[in-house]
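Peer 1: What follows is a single structure, and I will ask about it in a moment.
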Amino acid sequence: MTAAPDHKPTFAQISLIEQLDKALPILLVPILVVLGFLAIGAPSSWLTLTVSGLAMGMMIFIMASGLTLVFGLMDVINFGHGAFVSVGAFVGISVLIALGEWTGTASLLLNISAVFLAVVAAMAVTGVMGWGFERVIVKPVYGAHLKQILVTVGGLIVVEQLIHVVWGPDEIFISRPETLKGAITFAGAAVEKYRLLAVGVGLVLFLAMRMVLRRTKIGLIVRAGVENGPMVEALGYRLRMVFIGVFVAGSALAGLGGVMWGLYQEVITAGMGEKMMVLVFIVAIIGGLGSVEGAFIGALLVGLMQNYVAFLEPKLALVSNIALMTAILMWRPQGMLPVVKAK
Amino acid sequence: MIVKLLSGDQPRSKVLTTLLLLILICLAGAPFIFDGVRPLDTAARICIFIVLVASYDLLLGYGGIVSFAHTMFFGLGAYGVALASTHMGRGFDALLVGTISGAIAAVVLALLIGLFSLRVRAIFFAMITLAVASAVAVLVSQFSGITGGEDGLTYKIPRVLTSANRMGEFLGTRISGKILNYYLVFTASLILFLLLLRIVNSPFGRVLQAIRENDFRAEAIGYRVVWYRTVATCLSAATAAVAGSLFAIWLRYVGPDTTLSFEIMLDILLMVVIGGMGTMYGAVIGATLFVLAQTYLQNFMGSASEATAALPLIPDLLDPDRWLMWLGILFILSVYFFPTGIVGRLRQGRSS
């Protein structure tokens, strides 16, 4: 009989490098902010740009979170996600225009309730639309990536054209509600009120989403489903129903993102969702497909990068994001915080 | 001889053969069969789009790779010719230099994107190409000093190829440089198409199809999947760039809307799917039908919209500007019900 092999467990702490490697994705945002400060120099313009970068990042995150979860859960890649952004913006802005009296007065309460109603309407419409989209367009092509991409692109075209039919071919200009106009001056830097609101809404949403995913039963099922779908189904949960729920929620969030983005730009077009999809995809890829936290960090990086570079060298704004994506993919080919798949 | 020219890939359906012959004859004799400028322009467009769609089919139908950057490669070729003609003056050398440099740029870019994204996950490729293509489109419209921005570039091509060059009459049609130009486009397109047919029917094409069906298994048999996919991407990019150069030579104008826009990418997708993925003849049928529809169906929709003007909503739905919506619906339906497209249907009909 041979002696048992020597077994020496080590209790050494993981080295500093390894710790750093784990924390690096989260540290990237402050690093980028500091780099931006060094490159720009003037503190006041740096603060303005940082706030608008964070606001943009939050809005992109709102749009991207649904897409990335849908992919993680069911391996469905939805190229038509941008359609929900456009529809949400059009519905929300229409409500705001209809409530012109509320938005025209300088009462904070009336303004906020008008925006709230617009958001509710937009999310309701895009949620229902998401349900229909899942039923009609996505369901027949489960498991076939090629067909999914083609069919969802087709859905995007049709929805975009339907927007033209309903709202006419022209872009719609909109001004923000009275109390959300203008800027606050802080430490010599002008910070637009609306951007602060967008940052707030985005943060609250992210924390709420994290809460739901980490602390509730449904969140547990969703996270388990992303990691190992068949196992969750074997335990008796109907993952399909969960998936439809996530799809609808993701679509509604895209609609919310559309309203916010429309108010941010103060102009909406049927093609806006399609344009946003480029940034949303970059965010989903660098975050790691399926990861909500990754998408959050990715969105902040993209938003900040876009604003800093647009200030320093306006022509290179979009290219800088491609460069960011390239760099991150070289470092981590699966994205920053990839979801571990047990499949 | 003919079988050899077609690389042994015969149409395998009587209806399809008839259709293809009809298209070939109409395109070959376009200046003599049809009168006027518009049909000739349509014919040239069909030739160019057949090549463009066929090169996309090499990627999508044979390789199973979805790319959204095909218009970018098309645009690279077109801008290559435009820039060379602007800076080197009119001349065939400018056209040649422009075409070659456009194709080289396309291959280099395709290689970079391919090595980057195909290595990780095929699905990344679709998203990354979308991002890169839109970045290139934005760059082109921003660097207006070089590219002419949104207005695009207008330039001169050799006098021999313009309608100012008159060369007498033949079969009752006045032969001008324009017709010579058309035959340049036609011949080049035909050669490129036969070349693509050769590629997909070579051992390389077979491996590509094997990878499309089951990449894991192909890898296990010993084929380097990434290498094959990347080479297919490069080949397809180069062909698209040459098609773009032909387009630039024909139009004598290059702009973001005619070469780089996302709409053209959608057009290409529609043509491939409607004609039939995974067969080169699908590109011929798809491109021909689509370009004809684009040119003539919109007139028809306009009159239909006017005829129903009294009804609510319907005239809006039938508005000529909304034709893309109907194509979108057709596109979704064909992906569901005819994933093999028109050509697949025709071939199936024969065997059953």
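Please treat every number below as a calculation from the coordinates, not as lab data. Only a predicted model underlies this, so the values are computations on that prediction, with no experimental measurement involved. Neighbour counts are summed over all protein chains in view; Cβ atoms, including those assigned to glycine, are modelled from backbone coordinates with ideal geometry.
Peer 1: Regarding B:Ser85, is this residue farther than 20 Å from B:Ser55 by Cα, surrounded by 16 or more Cβ atoms within 10 Å (Cβ to Cβ), within 11 Å of chain A (Cβ to nearest Cβ) and in contact (Cβ under 8 Å) with a residue 40 or more places away in the chain?
Peer 2: No: the conditions fail for B:Ser85.
Peer 1: A further question on this structure: Go over the candidates A:Gly188, A:Gly200, A:Gly236, A:Gly168 one by one and state the one that is small (Gly, Ala, Ser) and surrounded by 12 or more Cβ atoms within 10 Å (Cβ to Cβ).
Peer 2: Matching residue, one of A:Gly188, A:Gly200, A:Gly236, A:Gly168: A:Gly200.
Peer 1: Given the condition more than 19 Å from B:Ile274 (Cβ to Cβ) and either at the interface with chain B (Cβ under 7 Å from one of its Cβ atoms) or in contact with a Cys (Cβ under 7 Å, 6 or more places away or on another chain) (or both), answer yes or no: does some residue in the stretch A:132-145 qualify?
Peer 2: Yes, the conditions are met somewhere in the stretch A:132-145.
Peer 1: Kindly evaluate B:Val66 against the criterion of being touching a Leu at 6+ places or on another chain (Cβ under 8 Å) and not in a helix (DSSP H, G or I).
Peer 2: Criteria met by B:Val66.
Peer 1: Can I ask one more? Say whether the condition of being in a helix (DSSP H, G or I), in contact (Cβ under 8 Å) with a residue 60 or more places away in the chain and either farther than 27 Å from B:Leu327 by Cα or among the hydroxyl-bearing types (Ser, Thr, Tyr) (or both) is met by at least one residue in the stretch B:243-257.
Peer 2: yes
Peer 1: A follow-up question, please. If you scan the stretch A:129-150, which residues turn out to be free of Cβ contacts under 8 Å to residues at least 24 places away in the same chain and either among the hydrophobic types (A, V, I, L, M, F, W, C) or not in a helix (DSSP H, G or I) (or both)?
Peer 2: Passing the criteria: A:Val136, A:Val141, A:Ala144, A:Leu146, A:Leu150.
Peer 1: Tell me which residues, restricted to the stretch B:29-52, are among the basic types (Lys, Arg) and within 19 Å of B:Ile285 (Cβ to Cβ).
Peer 2: B:Arg45
Peer 1: Of the residues B:Leu192, B:Leu196, only one is hydrophobic (A, V, I, L, M, F, W, C), under 23 Å from B:Leu112 (Cα atoms) and part of a helix (DSSP H, G or I); which?
Peer 2: B:Leu196
Peer 1: Among B:Ala287, B:Ala240, B:Ala220, which is in contact with a His (Cβ under 6 Å, 6 or more places away or on another chain) and small (Gly, Ala, Ser)?
Peer 2: None of the other options fit; the residue is B:Ala240.
Peer 1: Mind listing whichever residues of the stretch A:258-277 are under 23 Å from A:Asp75 (Cα atoms), under 12 Å from the mean Cα position of the chain (by Cα) and crowded, with 24+ Cβ neighbours inside 10 Å?
Peer 2: The one that is under 23 Å from A:Asp75 (Cα atoms), under 12 Å from the mean Cα position of the chain (by Cα) and crowded, with 24+ Cβ neighbours inside 10 Å: A:Met277.
Peer 1: Here is a further query. So in the stretch B:1-41, with the set limited to residues that are in a loop (DSSP other than H, G, I, E, B) and in contact (Cβ under 8 Å) with a residue 24 or more places away in the chain, which one is farthest from B:Asn201 (Cα to Cα)?
Peer 2: Of everything passing the filter in the stretch B:1-41, B:Ser13 is farthest from B:Asn201 (Cα to Cα).
Let's see how each residue does on (1) of a type in the set (D, E, K, R); (2) part of a helix (DSSP H, G or I); (3) more than 10 Å from chain A (Cβ to nearest Cβ); (4) closer than 21 Å to B:Tyr223 by Cα:
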site: B:Gly77; (1), (2), (3), (4): no, yes, yes, no
site: B:Arg90; (1), (2), (3), (4): yes, no, yes, no
site: B:Val97; (1), (2), (3), (4): no, yes, yes, no
site: B:Val107; (1), (2), (3), (4): no, yes, yes, no
site: B:Gly114; (1), (2), (3), (4): no, yes, yes, yes
site: B:Arg119; (1), (2), (3), (4): yes, no, no, yes
site: B:Ile123; (1), (2), (3), (4): no, yes, no, yes
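Peer 1: Checking A:Ile285 against (1) touching an Asp or Glu at 6+ places or on another chain (Cβ under 8 Å); (2) within 20 Å of A:Arg210 (Cα to Cα); (3) of a type in the set (A, V, I, L, M), which single condition isn't satisfied?
Peer 2: Unmet condition: (1).
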